[in-house]
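What follows is a short report on a single structure.
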2 protein chains.
Amino acid sequence: MRNHDAQSLAFSLLAASRALVDGVSAGVSARGFTDLRPAHGFAFARLSAGGATITELAGHLDVTRQAAAQLVDELTAKGYVERRPHPEDARARLIVLTGKGRACTQAAEAAIADTLRAWEATLGPQRLLALRDDLLRIAPGGPLRPAW
Amino acid sequence: MRNHDAQSLAFSLLAASRALVDGVSAGVSARGFTDLRPAHGFAFARLSAGGATITELAGHLDVTRQAAAQLVDELTAKGYVERRPHPEDARARLIVLTGKGRACTQAAEAAIADTLRAWEATLGPQRLLALRDDLLRIAPGGPLRPAW
DNA sequence: CGAATATAGGCAAGTAGCTTGCCTATATGT
DNA sequence: ACATATAGGCAAGCTACTTGCCTATATTCG
């Protein structure tokens, strides 16, 4: 792969990523959840898989436990999550989505679908699936954190 | 495209983007430029195309002029850029890369090439070029700013 | 021309999201 | 039982940004 091709691949990957984040953010906002930032989505993604402790969330987001705790404080105040006693460890608290949190997660999924529908219209379904397969091979399921 | 496919495409795109940024950041650091953060790369990308004013840079990075000016202050102090009088506008200053700044830009290009070589080994050259083409069609050359 | 307005960019203060350092409570291992 | 590790909270500090305001130069219009 020539140098110029590498540059344009790198740039277009970052641009596509940005376009996705912007599109999803706009879609979530348009569905009435206007008090959330993109970073919150990564927390929701982890919590929607059955809840997590502060420490697990911090590891997932690659931030300190303090930062994760502050984020949970904020989401709690806004009604998206709640802290429950952990069923197996009296030190820990299990953070779970509230009904509002689950509704927001669904809105985010719909926003993703909307954004990708536009891409499907451009590329066609086959190439879009091929794109997904290639990306999965490149970056196999790493934790889903902000990039920089 | 089914819902689950859309989710996994979105996740893998973000993961790949993160992997790229991490890889380039590590490569630039390994080449001796340890005092830079990923965000600086976006400024370099704009400046390497012949210099820019503070206002242009701020627009490119999607931050306020103050933030751009602070970034330029930092890069100036570290020897990567310098402020010159603007040849056509006595109000403005033209920010240009120094020799060190150009060397760093080359290091970044090499780091991109390194990272993508690993991907090429996984996907093969043809699919990697196809990936680039598809990404270019999805996100045609938008400005290159941090995503969130 | 000259006056009004717009633009480039700097100074200072404020803010948001993060980190580090330290603390208590509970769990785990010897 | 005791020593050590882990979950998480409190407080302070840091960094990259923002907002508000200022001067100098450009541009537009009477």
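Quick one: angle between helix B:65-77 and the longest Cα principal axis of chain B, in degrees between 0 and 90, rounded to 10, please.
80 degrees
Which lysines, if any, have their Cα less than 28 Å from the Cα of residue B:100, not counting same-chain residues under 8 positions apart?
Hits, sequence-local ones excluded: B:78.
For a quick check, take a GNM of chain B with Cα springs below 10 Å and name the residue from B:112, B:138, B:95 with the largest mean-square fluctuation.
B:138
Using a 10 Å cut-off around each Cβ of peptide A:112-119, what is the average number of partner chain Cβ atoms that fall inside?
What the average comes to for A:112-119 is 5.
Return an integer: the convex hull volume of the alpha-carbon atoms of region B:92-133, in Å³ per residue.
Convex hull of Cα atoms, per residue: 79 Å³.
Looking down the axis that turns A into B, which residue of A has the closest beta carbon, and how many Å out?
A:17, 2
Would you calculate, for chain B, the mean residue ellipticity at 222 nm contributed by helices, counting each DSSP H stretch of 4 or more residues as -39,500 (n - 2.57) and dividing by all residues, to the nearest 500?
So the calculated ellipticity at 222 nm is -22000 deg cm²/dmol.
With only alpha-carbon atoms counted, please give the Rg and Dmax of chain A, in Å.
17.5, 57
Choose one answer from B:63, B:72, B:96: the residue with the largest mean-square fluctuation in a GNM of chain B with alpha-carbon springs under 10 Å.
B:63
Any idea what angle helix B:38-47 forms with the longest principal axis of chain B, computed on alpha-carbon atoms, 0 to 90 degrees, nearest 10?
Long axis of B:38-47 versus the principal axis of chain B: about 60 degrees.
Which distances, shortest first and in nm, link residue A:140 to the matching position in the other copies, using label points set 7 Å out along Cα to C-beta?
For residue A:140, the inter-copy label distances come out at 3.7 nm.
Just A:126, A:70, A:106 to compare: in a GNM of chain A, with alpha carbon springs under 10 Å, which one fluctuates most?
Checking each option, the largest mean-square fluctuation is seen for A:126.
Using the Kirkwood radius over Cα pairs, work out the Stokes-Einstein diffusion coefficient for region B:1-77 at 10 °C and 1.306 mPa s, in µm²/s as a whole number.
110 µm²/s
To the nearest 20 Debye, how big is the dipole of region A:22-148 about its Cα centre, given +1 on the beta carbon of each Lys and Arg and -1 on that of each Asp and Glu?
160 debye
Among A:53, A:19, B:29, which residue has its Cα furthest toward the positive end of the charge dipole of the protein assembly as shown, with +1 on Lys/Arg Cβ and -1 on Asp/Glu Cβ?
Ranked along the dipole, the leading option is A:53.
Would you be so kind as to identify which of A:67, A:98, A:129 lies farthest towards the positive end of the dipole of region A:64-148, taking Lys and Arg as +1 and Asp and Glu as -1 on Cβ and the Cα centre as origin?
A:67
Would you please state which residues of region B:90-105 a label at residue B:78 would reach in this model, taking the label point 7 Å out along Cα→Cβ and a backbone N cut-off of under 20 Å?
B:95-105
What gaps in nm, shortest first, separate residue A:49 from its twins in the other copies when you place the label 7 Å past Cα toward the beta carbon?
Output for residue A:49: 3.8 nm, nearest copy listed first.
Bear in mind these aren't lab numbers, they're just calculated from the coordinates by the rules spelled out. Worth saying up front: this structure is predicted, and the values here are computed from it rather than measured. Here the Cβ is made from the backbone with ideal geometry for all residues, glycine too, and neighbour counts use every protein chain on show.
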